[in-house]
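Working notes for the structure below.
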Amino acid sequence: MESEQLKIYQNRLYVADLINNVLVGKITVYQALSNFPKEKNDINLKCAFDALMHREADEDLREKEPDYAQVQDEFLSDLANILKENNRMPQNIIDEYEKYHKENLVGEWDKPLKSILKNFKRMINF
């Protein structure tokens with residue numbers, strides 16, 4: 001059990017680093033999502049995955065609305081800090097995740113990531 005908890009914490013630290021690297025421009029969202037842990041049972045990672053997906057899907061809105069981009073990046077930074085501190089996401093974030101993202105995208109890498117991104121963009125544009 002202890003090793004499972006350690007793995008969860010290591011995955012959270014890794015994802016926090018991925019998010020921060022996206023925010024400072026070291027890597028793209030696509031690279032971060034491609035390197036995401038395949039952990040299916042941590043709701044915190046699922047929320048972080050979807051938040052990054054939204055950042056990629058909102059690229060047009062981010063260009064038109066600088067305030068939106070700033071708020072979105074601050075939110076991602078907050079998520080990274082929560083993960084780094086090994087805390088659980090606030091319940092309102094989890095509730096929003098479960099409300100809009102019932103499908104489990106994390107860990108399903110049998111399909112190429114580009115097709116997942118394409119389907120995700122199509123889903124949020126409806």
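A few notes on this one:
- Where labels lie 7 Å past Cα in the beta-carbon direction, separation of residue 92 and residue 2 in nm: 3.8
- Measuring r between the beta carbons of residue 81 and residue 26 and using R0 = 25 Å, the FRET efficiency lands at 0.90.
- Exposure of residue 49 as accessible area (Å², to 10), given a probe of 1.4 Å and all protein chains: 0
- Nearest-10 value in Å² for the accessible area of residue 59, using the 1.4 Å probe: 80
- Cross-link pairs beyond the 27 Å C-alpha cut-off, checked among 26/99; 40/99; 38/84: 26/99
- Proximal aspartates and glutamates to residue 64, defined as alpha-carbon separation beneath 18 angstrom and excluding residues fewer than eight positions away on the same chain: 56, 73, 74
The values are calculated or read from the model by the stated rules, or taken from the named source; none is laboratory data. All values reported here derive from a predicted model rather than from experimental measurement. So basically every Cβ, Gly included, is an ideal-geometry build from the backbone, and we count neighbours across all protein chains shown. Accessible surface is based on the protein model in full, side chains and every heavy atom, while ligands, DNA and RNA are left aside. Shrake-Rupley method; radii C 1.70, N 1.55, O 1.52, S 1.80 Å.
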